[in-house]
Each structure stands twice: as C-alpha cells, then as structure tokens.
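The values are calculated or read from the model by the stated rules, or taken from the named source; none is laboratory data. Quantities reported herein were computed from a predicted structural model and do not represent experimental measurements. Cβ sites come from the backbone with ideal geometry, for glycine too, and all protein chains shown count toward neighbours. These area figures cover heavy atoms from the full protein model, side chains too; ligands, DNA and RNA do not enter into them. Shrake-Rupley method; radii C 1.70, N 1.55, O 1.52, S 1.80 Å.
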Protein chains: 2
Amino acid sequence: MLSKNQIKLITRLKHKKHRYKEGLFIAEGVKVINELLDSNFKLRELYTTMSFNSNANLAVAGQEFLITAAELKKISSLNTPNKALALFQIPKARPISNNQFIVALDNVRDPGNLGTIIRLCDWFGVSDLVCNTETVDVYNSKVIQATMGSITRVNVSYLDLPSFLNKTKMTTYGAFMKGDHIYENKLPKEGILVLGNEANGISKEVEHTINKRISIPRFGALKKTESLNVATATAILLSEFRRNS
Amino acid sequence: MLSKNQIKLITRLKHKKHRYKEGLFIAEGVKVINELLDSNFKLRELYTTMSFNSNANLAVAGQEFLITAAELKKISSLNTPNKALALFQIPKARPISNNQFIVALDNVRDPGNLGTIIRLCDWFGVSDLVCNTETVDVYNSKVIQATMGSITRVNVSYLDLPSFLNKTKMTTYGAFMKGDHIYENKLPKEGILVLGNEANGISKEVEHTINKRISIPRFGALKKTESLNVATATAILLSEFRRNS
C-alpha cells in the first residue's frame with residue numbers, strides 16, 4: 001500500500017524545484033524503467049503492479065513496492081498508466097566532450113519536443129546535448145517518457161548558452177528560416193547545431209554567437225507552410241550532418 | 001450564449017462516427033481557423049470570444065457566435081483554449097494526382113504524428129497523402145491542431161491501401177528497420193513512400209506491395225536506440241527524397 005508520505009513525495013516531484021531539492025525524478029512505464037535500471041541511473045523506489053524481481057539482472061530488491069492499478073492511477077501522470085512508476089536519483093552533471101558534434105537548444109519549451117530530440121541524438125550518435133537554462137527540464141516525466149530510454153545514452157547539460165557558444169572553438173550552426181540551404185553545402189562532421197524556441201526561433205542573445213546560418217529548403221508551388229516543428233527540423237538537420245560523415 | 005443543442009453537437013463531433021454522419025469537424029484556435037477560412041473549407045459555425053468580423057476577407061457574418069471564455073472552456077478539447085472553436089464542413093474526397101510523389105500511411109494511430117506528417121508533406125510539396133482506413137481520422141481535432149493549417153494544402157485520402165499499392169505503376173518505397181541505407185542510393189523524384197504503425201511498422205499485407213525497402217542508418221558506438229518516431233522518420237525520408245530533385 002502507498003503511504004501518505006510516498007504520495008506526497010511523488011506529487012512534489014512533478015515540480016522542477018522539488019525534483020532538484022530532493023535529487024529525484026519520476027519515470028513511468030515498463031520499457032523506460034527497464035532501460036534506466038539497465039544503465040547507471042540509481043533507483044530509489046519502484047511502485048509496480050507486477051514484480052520486476054524476476055529479472056535477475058535488475059537489483060530492485062528492497063526498493064520494490066507492489067501496488068494496485070487504482071493506486072498507480074492515483075500517482076501516475078499518464079492517461080493510461082503502464083504498470084509501474086519509479087523514482088530515480090538525478091545523476092551528477094557529466095563533463096561535455098569537446099571536439100565532437102554537439103546539439104544545443106535555446107528555449108525549447110515542449111517536453112515532447114525535448115524528448116524526441118534526445119531520441120534523435122541517440123540515433124545519430126550525438127552524445128552531448130546542451131540546453132540554456134530556460135529549456136524545459138529533462139527530468140520532467142513527459143520528457144523522460146518521450147526519450148523512450150535514450151536518456152541513458154545522451155548527456156544533457158544545462159548552462160549559460162550564449163557564454164558557452166562564445167567560448168567554443170567549434171563552428172556553430174544555427175537553424176533559421178533564412179540561411180544557406182543545407183543541400184547545397186556539404187556539412188562537416190564536427191560542430192555545434194543550435195535550434196531555437198518553438199514559436200520564436202533562436203534568441204537575439206544566441207544569434208550573435210552563430211557562425212553559420214542554415215535552413216531547410218521548402219518545396220512545392222505554394223510554399224505557405226510557416227515553419228517546421230523543432231523536433232522534425234532537428235531530425236532533418238542531424239541526418240544531413242551525418243550523411244556525409 | 002451557447003444553446004444545449006450546440007453543446008450537444010460539438011460533443012458528438014469528438015467522435016469519428018458522428019463527424020461523418022454530420023459532415024462536420026471541429027477546428028480550434030485563431031491561427032488554424034483563419035487558415036481554414038482563408039481556403040476552400042466551408043465554415044458552418046464559429047464560436048469565439050473575440051470578433052472575426054473585422055477581417056473583411058472572411059465571410060463569417062451570420063455564422064459567428066460571441067461566447068464567454070468559460071463557455072469556450074466548456075466545449076474546447078484544449079487545456080488552454082485559444083479564443084475560438086469552429087465547425088467546418090468535411091469536404092468531398094478529391095482525386096489523387098498520379099505520377100507525383102505520394103506519402104502513404106499504414107496504421108498510424110497518434111493524432112500528433114498524423115498532423116506533423118501533414119505539415120511535413122506541405123513543407124516538402126507533397127500534395128497527396130493516402131492512408132489505410134485504420135489510420136487515425138484526419139478530422140480528429142488533435143490532428144487538425146497539429147497540422148497548423150497545412151490541412152488546407154494537402155489532400156488526405158482514406159482507401160484500401162494494399163489494393164491501391166498493388167495497382168499503382170509508381171515504385172513503392174517502404175521504411176523498415178532493415179533495408180537499403182538511404183544515403184547510399186540516390187532516391188528518385190517520383191514514387192510512393194510508405195510508413196507504418198508506431199509500434200509495429202508496416203503490416204504484412206502492405207509489405208507484399210513494397211518494391212524497395214529503405215532504412216535510415218543509425219550512428220554512434222552503442223546503436224541501442226530501438227527506432228525513430230514515425231513523424232521524425234518521415235521528416236528525414238522526405239528531405240532525402242527532395243534533396244536530389
């Protein structure tokens with residue numbers, strides 16, 4: 001059975017401030033929890049309607065609480081809770097590898113977009129994603145959900161983005177509506193790809209640090225589409241950077 | 001003020017069966033409604049907290065009902081309703097243009113994915129999207145929302161997909177986890193690109209009709225990412241087909 005204190009803690013962890021105060025975040029669903037258990041993330045508590053203990057590889061003994069579907073529904077943020085909810089420790093920040101391809105986000109606000117971008121980084125072998133501090137928190141449970149486990153393989157750092165981009169020796173590429181068409185120039189293996197906010201694009205502050213403005217050509221007779229979603233733009237740009245490497 | 005019958009009708013239109021029975025669908029938000037008003041879609045009723053009448057180009061006279069924010073909240077499916085909700089007529093099916101590039105969906109279930117794919121078709125100048133009948137309904141309000149107005153420029157048809165693909169003279173390309181790597185072969189200007197279900201990919205029935213299996217290479221040392229989201233895969237594949245044209 002769930003205690004009042006357990007419910008209270010889980011409810012508090014839905015807010016960023018409390019996540020960092022407690023050093024904990026929520027993960028939901030069997031697939032995501034299994035991926036986290038299978039990685040370096042440290043489990044604190046596992047609330048589940050089925051036992052995870054049968055999997056010999058997973059050290060969940062003493063941290064597993066069997067609960068009812070009704071109790072899970074109570075603590076879950078999902079419309080259709082998926083058998084388990086777990087609390088993991090927020091790991092310490094890891095250093096950013098230099099001289100590799102890096103993706104940078106400037107004010108991305110939608111949890112689904114951040115999660116999808118992390119999954120894309122994982123697919124395209126990008127190990128570092130850096131975000132300005134206004135970008136949605138990676139430990140938001142909707143982000144964790146949307147990464148589909150890719151969070152275990154991509155190092156997400158929050159930092160002062162204009163200052164980071166000012167200091168870097170790598171070439172910075174910014175995604176703009178107007179810029180060099182990506183199909184016309186061969187893109188390099190190394191660099192920093194910067195993507196901006198869903199509605200407003202890259203901020204003025206970050207714009208000053210961009211070396212090359214790039215854009216995805218629009219096709220068709222009408223060309224009335226206003227913009228691409230930031231996650232689909234990231235998909236196209238990462239594919240384009242990688243296809244030549 | 002909203003009448004009981006108006007509320008009843010709007011509630012019914014949240015279900016596919018009733019949408020097709022009434023020949024109406026719901027669109028929400030100023031941007032989407034303006035794009036629909038500005039196109040060939042026919043407005044039936046407009047419920048709004050602000051007046052659209054000031055825009056001389058829009059024929060909304062006699063169909064506009066001023067309502068309160070509380071009333072809008074009552075009929076809206078959005079967490080944060082955006083000033084207006086409108087009912088438009090479902091247009092008659094238009095013929096599919098042949099000998100052009102076509103995107104085909106096999107069992108895509110998520111409204112956000114379908115909406116994003118329509119927006120991508122619009123961006124990349126693909127005027128026809130064909131879907132098997134199990135694919136989520138394009139007149140679902142979440143789909144309309146996610147298209148951001150692109151629904152006015154992309155012709156979406158529902159049909160017997162295996163039979164359509166069997167009959168076509170165009171080459172059919174299916175997105176699979178295992179197939180020819182897209183960067184290695186130049187993709188043509190014409191053809192049908194087929195994408196499958198979020199969890200299960202392309203169905204067996206449709207698989208038989210595929211001429212070329214294509215896949216997006218995975219990068220990095222680990223290569224543990226299981227798959228890409230269907231909308232991001234569509235983004236990468238459409239970009240790859242168009243970059244050569």
GNM result for chain A, Cα springs below 10 Å: residue of A:Asp160, A:Asp137, A:Asp122 fluctuating most strongly: A:Asp160
Sparse-neighbourhood loop sites, GluC sites (Glu not before Pro) in segment A:139-245 - DSSP loop, at most 16 other Cβ within 10 angstrom: A:Glu184, A:Glu190, A:Glu198, A:Glu226
So what J values fall out for segment A:136-141 if you push phi through Karplus, 6.51 cos²θ - 1.76 cosθ + 1.60 with θ = phi - 60°, rounded to Hz, Gly and Pro as x? 3, 5, 5, 8, 4, 5
Apply the a/c threshold of 1.5 to the C-alpha gyration tensor of the protein assembly as shown and tell me whether it is rounded, prolate or oblate. rounded
What trypsin sites (Lys or Arg not before Pro) in segment A:177-245 are in a loop by DSSP, with at most 13 other Cβ atoms within 10 Å of the Cβ? A:Lys186, A:Lys189, A:Lys223
10 Å Cβ neighbours from other chains, averaged over peptide B:149-156: 2
Could you pull the accessible area for A:Val136 with a 1.4 Å probe, rounded to 10 Å²? 20 Å²
Which of the peptides A:12-23, B:80-91 is most tightly packed, and how do the rest follow, going by the mean number of other Cβ atoms within 10 Å of each residue? B:80-91, A:12-23
Using the Karplus curve 6.51 cos²θ - 1.76 cosθ + 1.60 with θ = phi - 60°, work out ³J(HN,Hα) for each residue of segment A:105-117 in order, rounded to whole Hz, and write x for Gly and Pro. 10, 10, 6, 6, 10, 8, x, x, 5, 4, x, 5, 5
Over chain B, relative contact order from alpha-carbon pairs under 8 Å, at least 6 apart, %: 19 percent
Top to bottom by accessible area (1.4 Å), largest first, where do A:Leu120, B:Leu66 land? B:Leu66, A:Leu120
With only alpha-carbon atoms in the gyration tensor, what are the semi-axes of the equivalent ellipsoid for segment A:4-89, in Å, largest first? 19, 16, 11
As a test, work out the antiparallel percent of DSSP beta bridges whose residues both lie in segment A:4-89, rounded to the nearest 5. 75 percent
Before anything else, pin down the relative contact order of segment A:70-181: Cα pairs under 8 Å, at least 6 apart, normalised by residue count, whole percent. 24 percent
Percent antiparallel among DSSP beta bridges confined to segment A:101-243, rounded to 5, stands at 5 percent
Spelling out what I want: for every residue of segment B:229-234, take phi, set θ = phi - 60°, compute 6.51 cos²θ - 1.76 cosθ + 1.60 (Karplus), and round to whole Hz; glycine and proline get x. 4, 4, 6, 6, 5, 4
Low-density loop trypsin sites (Lys or Arg not before Pro), segment B:93-142, at most 15 other Cβ within 10 Å, DSSP non-H/G/I/E/B, are B:Arg109
Among bridges DSSP assigns within chain B, what percent are antiparallel (round to 5)? 30 percent
